[in-house]
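The values are calculated or read from the model by the stated rules, or taken from the named source; none is laboratory data. Because the structure is a prediction, the values reported are computed rather than measured. A quick note on method: Cβ atoms are made from the backbone with ideal geometry, for glycine too, and the neighbour counts reach across all protein chains shown.
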Amino acid sequence: MSTPVEQIKDKLSIVDVVSAYVKLERSGIYFKARCPFHSERTPSFMLSPARNTYHCFGCGKGGDIFSFVQDIEGLDFPAALKLLAERAGVTLDARAKRDGGEKAMLYDVLEAATKFYEVELRKSSVAIEYLKSRGIEGATAKTFRIGFAPDGWENLVHFLRNKGWQQGLIEKAGLSVQGKNNPYDRFRNRIMFPITTSQGKPIAFTGRVLPGSDDQMGKYVNSPETVMYHKSSVLYGLDLAKSAILREGNVVVVEGQMDCIMIHQAGNHNVVAVSGTALTEEHLQLLKRFTDRIVFCFDNDNAGQTALKKAAALSFELGLDAKAVTLAGKDPADMIKENPEAWLKALTGAEPVIDYLLGSLKRSGDSPRDKLKRAKDDVLPLVAVVPGNMEQSYYVKKMSELFDVPEGAVRDDLKKLIRATISQDSVHIAQSEAPPVLRVRSAKDAAAERIVGFEKVFHDQVDLETVRTDFQEAMQVSLETFAAGIPTDRMPALALEAELYYSGSNQLDSIARELTATLLLAHYEEILADVLRRMREAEHSKDEAATHDLHSQSKEIGERIYKIKHHRQSTEH
């Protein structure tokens, strides 16, 4: 009988799994994308459906569906196994479930809490009326799994304890607080919004107090940072937005859960919200897995506009296209409730962030001098981080025309700003720790690894006897011994590279000879370089005997190199 891992791999392809996180493009018999694990403009992340593997030729990450989910979700293997098993409809045995460890139990207790809050919402007419007053429909509440934490100090704690959950685990999940005598519920008399992973698993909550309630903790209370929840890297609603983001080619980013929910209800499912924190680079890197086009819809107050400028600067630094929506003093939730058509019109009219900010400045009631100062302080720093000289020149000219100042003056201020930024970056780099020294593969090692990948894929289609003999000559070990020393996580990359370059060719024997010639050339050129170095040392020390011997060696090696090159050329014609 096959193992759960084998069953899952039979039911889920690498394309099925990766396409839930990354926008893929077909490239012959492969798929490619921009790597979700590092920033890049040109796709170097490749998927091989035939082998059910992936590899990035930019950062080196590669593997199968399990390693991909572990890396992208930040899970250990048991947790990734459980997640993929659920998706594939594979039942894990009791041992596999136990091996899920503490994280799996935390997922389960948070799921139990979510269900508890959902049931309590159906019991509370006051909570239901509040949601209706905000324009939230019943179906929408179910989609987002909105719930209610009833008034009282120990409702959830008692419920979970009666279900068999240990108090330590309940507290670790951020659901309770330890009082002087007894633990009590963190959330009381609040509308509950579950915050989930990109797979839809609850990991935290935001609780919104009901209007008129006497609660000293504030209008909104968020779960604390836990093993499961890191607010700087989680976006509310992403699990429901992923497919729409890929389909629409962009994402709408808002500040609060209510805005996110109402925009989704209005039909724009490609929407996410930050929860209890400012937008971070981690958030944007997460979104970059799906799209490079962001539409920000932040509040029009000072805090919202400050957040917009910071978010735009981060977006430009990451090479993202950032736009903004004008809402005429209202937040999206209120606008949609009153006039959904107005929201759709505003969204359609989204402008590039810098144009949006310049337009807002122009329409403001500030004096011309204050407008100019705000443009210099608030907008010019964004122009400084816009990628591309042409775009920067466009905004220099636009600012010159809008504020009636010489174009040269705007450009001079921009240059000063850029120089100051470069200077600060240099200081930061100088003060930071030196980066780790990376091992650089020699041309010889690279050629040998390429042969290993070729042998792995085409061993049954080519006579490799000569290849093995020449490999032994160059590397002083057999092909099998050398391959055994390559890290196992690198082997899928070598095989995929061979597939990409050579699959479909009717000249595999010629390719094998070419790969071998490249290896032998690298080998003898490496030896020749060493001989010439030692010959220079012998000449410098006036050791005539050593010089003569090394000169003879260099001549022999040179002739060997000439023969390899000549043979290569003769087989090409």
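Scan region 241-259 for residues that are of a type in the set (Asp, Glu) and under 19 Å from the mean Cα position of the chain (by Cα) and the total you get is 1.
The set of residues in region 247-281 that are closer than 14 Å to residue 310 by Cβ and not in a loop (DSSP other than H, G, I, E, B) comprises 253, 281. For region 164-193, the tally of residues that are among the small types (Gly, Ala, Ser) and under 25 Å from residue 141 (Cα atoms) stands at 3. The set of residues in region 520-558 that are in a helix (DSSP H, G or I) and among the acidic types (Asp, Glu) comprises 525, 526, 530, 537, 539, 544, 549, 556. Taking the criterion of being farther than 27 Å from residue 475 by Cβ, in the same structural domain as residue 315 (by TED's automatic domain parsing), at pLDDT below 90 and surrounded by fewer than 16 Cβ atoms within 10 Å (Cβ to Cβ), would at least one residue in region 435-444 satisfy it? No, region 435-444 has no match at all. Only a single criterion out of (1) closer than 26 Å to residue 317 by Cβ; (2) not in a helix (DSSP H, G or I) is not satisfied by residue 405, namely (1).
If the condition is being loosely packed, with under 14 Cβ neighbours inside 10 Å, of a type in the set (Val, Ile, Thr) and at pLDDT 85 or above, then region 445-494 contributes 466, 469, 481.
Residue by residue, here is whether (1) modelled with pLDDT under 90; (2) surrounded by 17 or more Cβ atoms within 10 Å (Cβ to Cβ); (3) touching a Phe, Trp or Tyr at 6+ places or on another chain (Cβ under 7 Å) holds:
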{"residue": "71", "(1), (2), (3)": "yes, no, yes"}
{"residue": "79", "(1), (2), (3)": "yes, yes, no"}
{"residue": "97", "(1), (2), (3)": "yes, no, no"}
{"residue": "104", "(1), (2), (3)": "yes, yes, no"}
{"residue": "127", "(1), (2), (3)": "no, yes, yes"}
{"residue": "143", "(1), (2), (3)": "no, no, no"}
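Filter region 293-320 for residues that are within 22 Å of the chain's Cα centre (by Cα) and without any contact (Cβ under 8 Å) to a residue 40 or more places away in the chain; which is surrounded by the most Cβ atoms within 10 Å (Cβ to Cβ)? Looking at residues that are within 22 Å of the chain's Cα centre (by Cα) and without any contact (Cβ under 8 Å) to a residue 40 or more places away in the chain, I get 315. Yes or no: region 316-333 includes at least one residue that is closer than 24 Å to residue 418 by Cβ and in a helix (DSSP H, G or I). Looking through region 316-333, at least one residue is closer than 24 Å to residue 418 by Cβ and in a helix (DSSP H, G or I). Selection within region 179-214: residues that are closer than 22 Å to residue 132 by Cα and at pLDDT below 85. The member of this set that is surrounded by the most Cβ atoms within 10 Å (Cβ to Cβ) is 213. Can residue 137 be described as among the acidic types (Asp, Glu) and closer than 16 Å to residue 263 by Cα? Criteria met by residue 137.
Residue count for region 158-181 satisfying the condition of being part of a helix (DSSP H, G or I) and either among the polar types (S, T, N, Q) or not assigned by TED's automatic domain parsing to the domain that holds residue 126 (or both): 2. Being part of a helix (DSSP H, G or I), surrounded by 11 or more Cβ atoms within 10 Å (Cβ to Cβ), among the basic types (Lys, Arg) and touching a residue at least 60 places away in the same chain (Cβ under 8 Å) is true for just one of 337, 397. Which residue is that? So the residue among 337, 397 that is part of a helix (DSSP H, G or I), surrounded by 11 or more Cβ atoms within 10 Å (Cβ to Cβ), among the basic types (Lys, Arg) and touching a residue at least 60 places away in the same chain (Cβ under 8 Å) is 337. A single member of 116, 148 is assigned by TED's automatic domain parsing to the domain that holds residue 199, farther than 21 Å from residue 334 by Cβ, outside any helix (DSSP H, G or I) and at pLDDT 95 or above, and it is 148.
Within region 359-390, the residues that satisfy the criterion of being touching a residue at least 60 places away in the same chain (Cβ under 8 Å) and either among the aliphatic types (A, V, I, L, M) or assigned to a helix (DSSP H, G or I) (or both) are 378, 381, 382, 385, 386. Test residue 184 against the criterion of being touching a helix residue (DSSP H, G or I) at 6+ places or on another chain (Cβ under 9 Å) and assigned to a helix (DSSP H, G or I), and give yes or no. Spelling it out, it is not the case that residue 184 is touching a helix residue (DSSP H, G or I) at 6+ places or on another chain (Cβ under 9 Å) and assigned to a helix (DSSP H, G or I). When 92, 75, 47, 84 are checked against the criterion of being touching a helix residue (DSSP H, G or I) at 6+ places or on another chain (Cβ under 6 Å), at pLDDT below 80 and among the hydrophobic types (A, V, I, L, M, F, W, C), a single residue qualifies: 92. Take residue 136 and decide whether it is part of a helix (DSSP H, G or I), in the same structural domain as residue 203 (by TED's automatic domain parsing) and among the aliphatic types (A, V, I, L, M). No, not satisfied.
In this structure, is residue 131 in a helix (DSSP H, G or I), touching a residue at least 60 places away in the same chain (Cβ under 8 Å), farther than 30 Å from residue 71 by Cα and not assigned by TED's automatic domain parsing to the domain that holds residue 338? For residue 131, the condition - in a helix (DSSP H, G or I), touching a residue at least 60 places away in the same chain (Cβ under 8 Å), farther than 30 Å from residue 71 by Cα and not assigned by TED's automatic domain parsing to the domain that holds residue 338 - is met. Within region 214-248, which residues are among the small types (Gly, Ala, Ser), more than 29 Å from residue 348 (Cβ to Cβ) and in contact (Cβ under 8 Å) with a residue 40 or more places away in the chain? Passing the criteria: 223, 232, 233. Selection of first residues in region 544-569 that are in the same structural domain as residue 511 (by TED's automatic domain parsing) and of second residues that are in a helix (DSSP H, G or I) and aromatic (Phe, Trp, Tyr), restricted to Cβ pairs under 7 Å at least 6 apart or on distinct chains, gives the following pairs, ordered by first then second residue: 557/524; 560/524; 561/524. Comparison of 220, 229 shows that the only residue that is buried (at least 18 other Cβ atoms within 10 Å of the Cβ) and either more than 24 Å from residue 342 (Cβ to Cβ) or of a type in the set (Lys, Arg) (or both) is 229.
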